[in-house]
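A quick write-up on the structure given underneath.
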Amino acid sequence: MKNYFFLFLFLYGTPVTAWNLNFFSPKKPFLLFLEAAGDSRTVGRIIDTQFESSVCLELAQTIQRFYNDKTSSLFECLVNRTPGQTLALYANQQYANKLSIDLYVSVNAYFSPEKTPSVTIYRFSYNDPIILTDKNISFIPFDTIYLINESSSTRMALQFKEYLNTSAHLEVDGPYALPFNPLIGIKSAAFGIEVSGNSDTNLEELASIIADGLRRISS
Amino acid sequence: MNNRNLIIASVIAFLGALFFVAYQKKIIIFNCGGYHSIPATAIEKKQITFFFFTPDKAYTETQLMVLDQYHDRTLLLILNRWLEIALEEKLVPQKVIVQDTALNQDFTDLYLSFDKVPWAAYAPTKVKWFILEGILHTIKNLGFAITKVYFLVNHKPIEDYHLNFSRAWPINGFMQNA
């Protein structure tokens, strides 16, 4: 009887202990989704000799390269499109919501003749005076789903701004809460950045700073 | 019915329709003597404060304006004057007019239709937002019961990549979130 008791303890105790030590449930990587503004059909604003869509895609892919951690699998970054791809309406939102991402960042850009690039941070809000929680079966309108993770969006946007403020190579503005269209319909925490620049702007340096900021808030 | 009567009936019907169209287009107006002139007290002069926001500064301008007794027509006058001043100050890149204003029955929802978007295609989101905030602050300062504003272009919701207009914008705007 004594032997059976110890056998039971061993058979039951080991997997429970292992589960709690995450041997069988490895930590899920922080999934970041980058939305580069526009696509092959919606080219956006003109930035010197380029279109906003191509500049944003280049910036997003560079951020992805800096963000993805090759040494461990703690961070993972996806970009919403590839060059030449045309997206359907609200395809980004549907894709991001299905993947259950941790953070959605919309990357936008516009032309500015200033030497120092600036980053303006936005998050989506219609000043809705209601609180929403995520339940298993519920119908949540497209334009109010942002309320589920509104506090996380605010917190992450503020942390991101705090980090960017430490950089001398950037001017930072925001975060502003208004009906920022690229973020409509996103369930996870989300904020958007609008970067000012021109043909002389060093995209690699800018992407490196942004990626560092995103990694800080991801951890 | 012989051909002659048919022709007479057709001509009468055609003239009747022509007359009806002319009446609708106000080419022909009937003065039945039932219209009353608007009393002098219904039209007033008032100091109107126009609000303007740019990424660098916020400022106001006050002008004396003759207002209409009806709120929607008053708003049309005021907002067109706002757009004229904004054009002079180079806040909007080209001449934009408010085609139409309409209020719901409770006078809480305002529908504002421009003839074109009041910002440049290359404008940053903040500039577009500040133009609308200036309009919202100007309307709010009038003291009407308006709580939200629908922004339209040619009577359809504005389609902009960076700002959403599928719902009405609150009259308080979003500056308090900054």
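Rule-based calculations on the coordinates, nothing more; no lab input. This structure is a prediction, so every number in the text was calculated from the model and none was measured. Counting neighbours? That spans all protein chains shown, and the Cβs are built from the backbone with ideal geometry, glycine included.
Quick rundown of the values:
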item: Average beta-carbon neighbours from other chains, 10 Å sphere, peptide B:117-123; result: 2
item: Shielding by other protein chains, A:170-178, mean Cβ within 10 Å; result: 4
item: With Cα atoms, 0 to 90° folded angle of helix B:125-141 axis to chain B main axis; result: 70
item: Over chain A: helical MRE at 222 nm, DSSP H runs n ≥ 4 each giving -39500 (n - 2.57), nearest 500; result: -11500 deg cm²/dmol
item: By average C-beta atoms within 10 angstrom, highest first, the peptides A:53-66, B:79-92; result: A:53-66, B:79-92
item: Inter-probe distance in nm under a simple model that places probes 7 Å from Cα toward Cβ, at B:F30 and B:R73; result: 2.2
item: Chain A: angle of helix A:52-67 to the longest principal axis, Cα-based, in degrees nearest 10; result: 40
item: Amide N of the range A:194-219 lying under 16 Å from the label point, which is placed 7 angstrom from the Cα of A:T166 along Cα→Cβ; result: A:208-219
item: Peptide B:158-169, shielding by other chains (average Cβ, 10 Å cutoff); result: 5
item: Cα-Cα over 25 Å, subset of B:K45/B:K128; B:K25/B:K148; B:K45/B:K116; B:K90/B:K116; B:K45/B:K126; result: B:K45/B:K128; B:K25/B:K148; B:K45/B:K116; B:K45/B:K126
item: 222 nm mean residue ellipticity, helices alone, for chain B (DSSP H n ≥ 4; -39,500 (n - 2.57); rounded to 500); result: -11000 deg cm²/dmol
item: Rounded to 10°, Cα long-axis angle of helix A:150-165 versus longest principal axis of chain A; result: 60
item: Of the chymotrypsin sites (Phe, Trp or Tyr not before Pro) in the range A:133-219, those whose Cβ has at most 12 other Cβ within 10 Å and which sit in DSSP loop; result: A:F139, A:F142
